[in-house]
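Participant: Structure in structure tokens, see below.
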Amino acid sequence: MSRLEIILSCVLSLSIVFNVGVFVYARAAIVRLLSVSEELGDLQEMVNSFAKHVKAVYELDTFYGDQTLHHLLEHSISLTEHLSTFEYIYTLTEKEAEEAETKEIEEYAAEEENEET
């Protein structure tokens, strides 16, 4: 082998190792992003549930007009609005889940039709 072939072989080997490393890193980053997306969606649901609960308690005759509950309600609504700015992140996994659920329903309906005939 000539010196040029050795250099090119080394560069090729380094390039392959680098590309595999970038691929593995990108895949891991995407997995982490999807995990964070799911967790953020769960957090949004919990805050919405909390805000609805506080509003229901605030509207009870016993607590209506209570300033502490009123401020807590305002704070929970503010937090919900702030979390909604991240909606584009947690809708990444919701769309996939909805598509999978729709597909499962369609498959189940098709199985039911096949069983009836």
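We did not get these values from a lab; they are worked out from the coordinates using the rules stated. Keep in mind it's a predicted model, so treat the numbers as computed, not measured. Note: ideal-geometry Cβ built from the backbone for every residue, glycine included; neighbour counts use all protein chains shown.
Participant: Being over 15 Å from the mean Cα position of the chain (by Cα) and surrounded by 11 or more Cβ atoms within 10 Å (Cβ to Cβ) narrows it down to one of Ser9, Ser13, Ser35, so name that one. So that I can check it myself, show each step before the final result.
Facilitator: On the way: Ser13 fails: surrounded by 11 or more Cβ atoms within 10 Å (Cβ to Cβ); Ser35 fails: over 15 Å from the mean Cα position of the chain (by Cα).
Matching residue, one of Ser9, Ser13, Ser35: Ser9.
Participant: Between a first residue in segment 40-61 that is over 22 Å from Phe86 (Cα atoms) and a second residue that is of a type in the set (Ser, Thr, Tyr), which pairs have beta carbons less than 9 Å apart while being 6 or more apart in sequence or on different chains?
Facilitator: Within 9 Å, the pairs are His53/Ser76; Val54/Ser76; Lys55/Ser76; Tyr58/Tyr64.
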